[in-house]
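To start, the structure under review is shown below, and the notes come after it.
Values quoted throughout were computed directly from the atomic coordinates according to the rules given, and no laboratory measurement underlies them. No experiment lies behind these values; they were computed from the predicted model shown. So basically every Cβ, Gly included, is an ideal-geometry build from the backbone, and we count neighbours across all protein chains shown.
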Amino acid sequence: MSNKVTFKVQKRDNSGKGAARATRRAGLIPAVIYGNKQEPELIAVDPKDLQKQMQIKGFRTRQFELEIEGTGKKELALCQAIQYHKVKDNPIHIDFLRIDLNKEISVEIPFNFINEETCVGVKKGGVLNIVTRVAEVICKASDMVDSIEVDVGNLDVAESIHSGSINLPKGLRFASHEPFTVVTIAAAVEEVVETAAPESVDVPSETEQKTAAKEAEAKNE
């Protein structure tokens with residue numbers, strides 16, 4: 001089951017671009033909590049606290065109990081989206097999605113590939129080709145996991161693992177009804193060394209050689 005952490009945030013009173021810029025000038029990241037058929041809640045997040053959480057594995061599937069300081073309110077939510085600065089690449093806005101532990105939601109969960117070092121196909125010289133790293137999954141928040149395990153140990157050259165052959169944890173199902181490829185073992189590509197063809201040399205014909213010899217004799221007479 002996905003882990004849950006308490007995350008303290010501040011309340012914001014005003015919306016709009018001007019208010020968001022003022023929040024950033026104050027050293028905080030503007031954010032919003034929405035969903036579950038409730039009114040959006042404007043909040044602000046300390047960038048240091050956010051960075052600390054982002055460095056821990058499973059950030060996208062982590063359940064945050066957001067404590068809104070000064071209000072006594074708590075909101076259970078997932079980080080749904082982060083907007084980054086185009087140049088500085090630092091977070092400038094965050095969307096949190098409210099969750100109900102007993103209601104299904106759509107969430108992206110990463111695959112965790114195991115036994116790569118003992119993979120049959122790789123030992124034969126094949127190349128592990130990860131086609132899909134993250135999949136959209138439907139589940140209740142209470143059934144959510146940090147990652148979906150995929151064992152590639154028995155995968156041979158030219159073989160693949162598709163979504164339909166993966167045993168998902170209880171309560172999870174893929175959002176896509178169409179099967180998709182998760183990982184394959186591709187045959188190693190041999191390096192082809194092209195040898196340059198020797199340059200062609202024009203060899204004069206016998207007639208041309210005789211003519212040249214006569215011209216040389218005439219010059220020497």
Would you mind working out the magnitude of the charge dipole of segment 87-174 relative to its Cα centre, with +1 at each Lys and Arg C-beta and -1 at each Asp and Glu C-beta, to the nearest 20 Debye? 100
Dipole check, segment 4-99, charges on Cβ (K,R +1; D,E -1), about Cα centroid: among Ile56, Leu42, Ile68 the Cα furthest to the positive pole belongs to Ile56
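Excluding Gln38 itself, calculate the net charge of residues whose Cβ lies under 11 Å from the Cβ of Gln38, where each Lys or Arg counts +1 and each Asp or Glu counts -1.
Cβ neighbours under 11 Å give a net charge of -2.
Work through the residues other than Ala135 whose Cβ is under 14 Å from its Cβ and net out their charges, Lys, Arg +1 and Asp, Glu -1.
Combined, the nearby Lys, Arg, Asp and Glu give -2.
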Would you mind computing the Rg to Rh ratio of segment 105-186 from its alpha-carbon coordinates, Kirkwood style for Rh? 1.01
What relative contact order, as a whole-number percentage, does segment 4-99 give when Cα pairs under 8 Å and 6 or more residues apart are counted? 32
Could you let me know the centre-to-centre spacing of segment 101-148 and segment 1-65, using Cα atoms, in angstrom? 27
